[in-house]
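Below is one structure; the comments refer to it alone.
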Amino acid sequence: CWILLAAPAQTQFSLARTGVPALIVGTCYPGVNLPSVDFDHEAVGWHAAGSILGHGHTKIGLILPAGPMPGDSACRLGFLRYVHQRANSVALTEISAPPNPVQYRARLDRLLGVSDRPTVLFTMRQPLTLTLIIHVLASGLRIPRDVSIVSRDTHPLFEAAFPELTRYSGSTTTLATRIVRIASILLAGRHVAARPAFVTPTFVAGSTLA
């Protein structure tokens, strides 16, 4: 039984074609018919957009990783669907964060340096969030008075930070339990439907969204 963690598209498609027992830990790429276990990133995007708009923000920055994985794309889709369905006058700016930290900080400077800068930033991936927080504070801006921050992901550093970061926290124990259960079924030679098994993360209100 193959258990694939953060596998690229080519690997997912190759194993799907062979028909060997395989489980994706993460979200399948479109067209890959394999069972998968992941956090419900689309639901997180939807909820994050609702929370942000509920706080009255109309200028939003969305920070995406370079080369997004399917879960990142699903989160973006959920976020955009909520904004397009529920808000009429929202200025949404999307930036792709380069792997090079210097280039990433340069893009943040351009994003935050304009007079009508976003009043809230929604970011994905832990390293991008950590760099963002440090850069915003180093720029002399206050969180959340000058700019609010919401993170799709959590990390032990975020849990110990003050002020507490507004974020989403998924149970890795629940995720692992589902992975082991599905893998056990596959190892027993039984059929598992090629559909996602989602774990819904919990919203941690924190104090960086105002």
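Residues of segment 99-121 that are touching a Lys or Arg at 6+ places or on another chain (Cβ under 7 Å) and under 16 Å from residue 65 (Cβ atoms): 111 alone. Every test in (1) surrounded by fewer than 15 Cβ atoms within 10 Å (Cβ to Cβ); (2) touching a Pro at 6+ places or on another chain (Cβ under 9 Å) is passed by residue 86 save one, and that test is (2). Checking the stated criteria, residue 16 turns out not to satisfy the condition of being of a type in the set (Gly, Ala, Ser), modelled with pLDDT of 95 or more and open to solvent by less than 60 Å² (accessible area, probe 1.4 Å). Name the single residue that is farthest from residue 68 (Cα to Cα) among those in segment 122-145 being of a type in the set (S, T, N, Q) and either in contact with a strand residue (DSSP E or B) (Cβ under 7 Å, 6 or more places away or on another chain) or in a helix (DSSP H, G or I) (or both). Among those that are of a type in the set (S, T, N, Q) and either in contact with a strand residue (DSSP E or B) (Cβ under 7 Å, 6 or more places away or on another chain) or in a helix (DSSP H, G or I) (or both), it is 131.
Restricted to segment 22-50, and to residues there that are in contact with a Gly (Cβ under 7 Å, 6 or more places away or on another chain) and small (Gly, Ala, Ser), the residue that is most open to solvent (accessible area, probe 1.4 Å) is 43.
May I ask you to verify whether residue 61 is within 13 Å of residue 124 (Cβ to Cβ), under 15 Å from the mean Cα position of the chain (by Cα) and touching a residue at least 40 places away in the same chain (Cβ under 8 Å)? So residue 61 fits the description; yes.
Yes/no per residue for (1) free of Cβ contacts under 8 Å to residues at least 24 places away in the same chain; (2) part of a loop (DSSP other than H, G, I, E, B); (3) of a type in the set (Ser, Thr, Tyr):
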position: 7; (1), (2), (3): yes, yes, no
position: 11; (1), (2), (3): yes, no, yes
position: 14; (1), (2), (3): yes, no, yes
position: 28; (1), (2), (3): no, yes, no
position: 44; (1), (2), (3): no, no, no
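The single residue among 80, 53, 92, 62 that is part of a strand (DSSP E or B), open to solvent by less than 60 Å² (accessible area, probe 1.4 Å) and out of contact with any Phe, Trp or Tyr (no Cβ under 6 Å at 6 or more places or on another chain) turns out to be 92. The set of residues in segment 154-199 being over 22 Å from residue 21 (Cα atoms), part of a loop (DSSP other than H, G, I, E, B) and touching a helix residue (DSSP H, G or I) at 6+ places or on another chain (Cβ under 6 Å) consists of 155, 165.
Yes or no, residue by residue, for (1) surrounded by 12 or more Cβ atoms within 10 Å (Cβ to Cβ); (2) under 30 Å from residue 59 (Cα atoms); (3) hydrophobic (A, V, I, L, M, F, W, C); (4) at pLDDT 95 or above:
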position	(1), (2), (3), (4)
156	no, yes, no, no
167	yes, yes, no, yes
191	no, no, no, no
194	yes, no, yes, no
201	yes, yes, no, yes
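Among the residues that make up segment 41-51, is at least one of them modelled with pLDDT under 95 and either within 11 Å of the chain's Cα centre (by Cα) or of a type in the set (Gly, Ala, Ser) (or both)? No: zero hits. For beta carbons closer than 8 Å, sequence separation of 6+ or different chains, a first residue in segment 99-115 that is within 18 Å of residue 126 (Cβ to Cβ) and β-branched (Val, Ile, Thr) and a second that is open to solvent by 90 Å² or more (accessible area, probe 1.4 Å) and in a helix (DSSP H, G or I), there are no qualifying pairs. Being under 25 Å from residue 43 (Cα atoms) and surrounded by fewer than 16 Cβ atoms within 10 Å (Cβ to Cβ) holds for only one residue in 118, 127, 144, and it is 127.
Applying the set (1) under 30 Å from residue 197 (Cβ atoms); (2) loosely packed, with under 14 Cβ neighbours inside 10 Å to residue 101 leaves exactly one unmet item: (1).
The values are calculated or read from the model by the stated rules, or taken from the named source; none is laboratory data. Model, not experiment: these values are computed from the prediction. All Cβ positions, glycine included, derive from the backbone under ideal geometry; neighbour counts span all protein chains shown. SASA here: full protein model, heavy atoms, side chains in, ligands and nucleic acids out. Shrake-Rupley method; radii C 1.70, N 1.55, O 1.52, S 1.80 Å.
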